[in-house]
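The values are calculated or read from the model by the stated rules, or taken from the named source; none is laboratory data. Values in this document were obtained by computation on a predicted structure and should not be read as measured data. Reconstructed Cβ throughout: ideal geometry from the backbone, glycine too, with neighbour counts over all protein chains shown. Remember, those area values only see protein heavy atoms, side chains included, never the ligands or the DNA or RNA. Shrake-Rupley method; radii C 1.70, N 1.55, O 1.52, S 1.80 Å.
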Amino acid sequence: MSRCDSHAIVLIDSPARPLPVPPGLGLSSEVVRLPVDDWGDLLTPWGAPPLFEGEPPFDGRAEETLRRVEGAVPTGTRAAVCGYSLGGLFALWALLSSPRLSAAASLSGSLWYPGWVPWLRGHGRDLSGCGAFLSLGSKEARGPRPVMRTVAAATDETVRLLRDLGARTGFKGFPGGHTHAMDERLAWGLTSLDGFLAGRGGDG
């Protein structure tokens, strides 16, 4: 990554299915796509059982990806991370785990992930001066597994806990399920992060 701006947003991306970022957002921040090939392992902060029979368990190797995120951000650059689904879980965990990051956007984040809310409740990092922006679809709590149906309650609790830690926190609900209107959700998340990094406050 070449430094062309004092603000950067690292977008956790899929090399097989790149996220549909709308053109023409007019961001002042540089957006750096960071491809992650195995979301179940490389975006989860600790191990967890598989969701479906016959699938491998989650491996909990997010530390490896966090090192890549930090390496993509030049020293002195005000930086944020944006992720969708498990990428959204990672984005919030990364914000809480790295002083190099000033903000995070969790778009339809997998905050149902086992242990997430208890971990956040026990976290003590002061997030004053940081930003967190979360979105969720109206039908996402109708997941195929009971643990996934906790996502709305977990998202609400996450918003509350992040505010308690001092973060400027915004939430936006969108109609539809997990993959509905991804471009609109990405546009909101990136624009909110850009505004926050540039000192315009961001959404919420």
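Let me have the 222 nm mean residue ellipticity of the chain computed from DSSP H runs of 4+ only, each contributing -39500 (n - 2.57), with the sum over all residues rounded to the nearest 500.
Taking each H run of at least 4 residues, the total per residue is -9000 deg cm²/dmol.
To the nearest 20 debye, what charge dipole does the range 28-141 have about its Cα centre, counting +1 at the Cβ of each Lys and Arg and -1 at the Cβ of each Asp and Glu?
Magnitude of the dipole: close to 480 debye.
Could you work out what % of the accessible surface of the chain is carbon and sulfur, using a 1.4 angstrom probe and leaving DNA, RNA and ligands out of the count?
Summing carbon and sulfur atoms, their accessible area is 52 percent of the total for the chain.
What is the magnitude of the charge dipole of the chain about its Cα centre, with +1 placed on the Cβ of each Lys and Arg, -1 on the Cβ of each Asp and Glu, and no other charges, expressed in debye to the nearest 20?
Computed about the Cα centre, the dipole is about 460 debye.
Along the charge dipole of the chain, which of Leu101, Gly170, His7 sits closest to the positive end, that is, farthest toward it, with unit charges on the beta carbon of Lys, Arg, Asp and Glu (+1, +1, -1, -1)?
The residue sitting most towards the positive pole is Gly170.
I need the semi-axes of the equivalent ellipsoid of the range 97-204: take the C-alpha gyration tensor, multiply each eigenvalue by 5, square-root it, list largest first in whole angstrom.
Equivalent ellipsoid semi-axes, largest first: 22, 19, 9 Å.
Please list, in order along the range 156-164, the HN-Hα scalar couplings obtained from phi with the Karplus expression 6.51 cos²θ - 1.76 cosθ + 1.60 (θ = phi - 60°), rounded to whole Hz, x for Gly and Pro.
4, 5, 5, 4, 4, 5, 5, 5, 4
Taking the C-alpha atoms of the chain, how large are the radius of gyration and the largest Cα-Cα span, Dmax, in Å?
Calculated on Cα positions, Rg and Dmax stand at 15.5, 47 Å.
Once you order the gyration tensor axes a ≥ b ≥ c over the Cα atoms, which shape class does the range 120-178 get: rounded for a/c under 1.5, otherwise prolate or oblate by comparing a/b with b/c?
Taking the square roots of the gyration eigenvalues as a ≥ b ≥ c, the range 120-178 is oblate.
What does the highest-first list of 78-84, 49-55, 37-43, 18-24 look like by mean Cβ count within 10 Å?
Result, highest mean first: 78-84, 37-43, 18-24, 49-55.
Can you pull the Rg over Rh of the range 1-88, Cα-only, Kirkwood?
1.03
Long-range amide H contacts for Gly109: which residues qualify at under 5 Å (H placed 1.01 Å from N, peptide plane, sequence gap of 5 or more or a different chain)?
Residues meeting the criterion, in which the H sits 1.01 Å from N, are Ser85, Ser135.
Expressed in nm², what is the orientationally averaged projection area of the convex hull enclosing the Cα positions of the range 91-157?
4.5
Give me the 1.4 Å probe accessible area per residue for the chain, excluding ligands and nucleic acids, in Å².
43
What is the angle, in °, between the Cα long axis of helix 86-97 and the longest principal axis of the Cα atoms in the chain? Nearest 10 is fine, range 0 to 90.
60
Sort the following peptides by mean Cβ neighbour count (other Cβ atoms within 10 Å, averaged over residues), highest first: 104-113, 118-127.
Highest mean packing first, the order is 104-113, 118-127.
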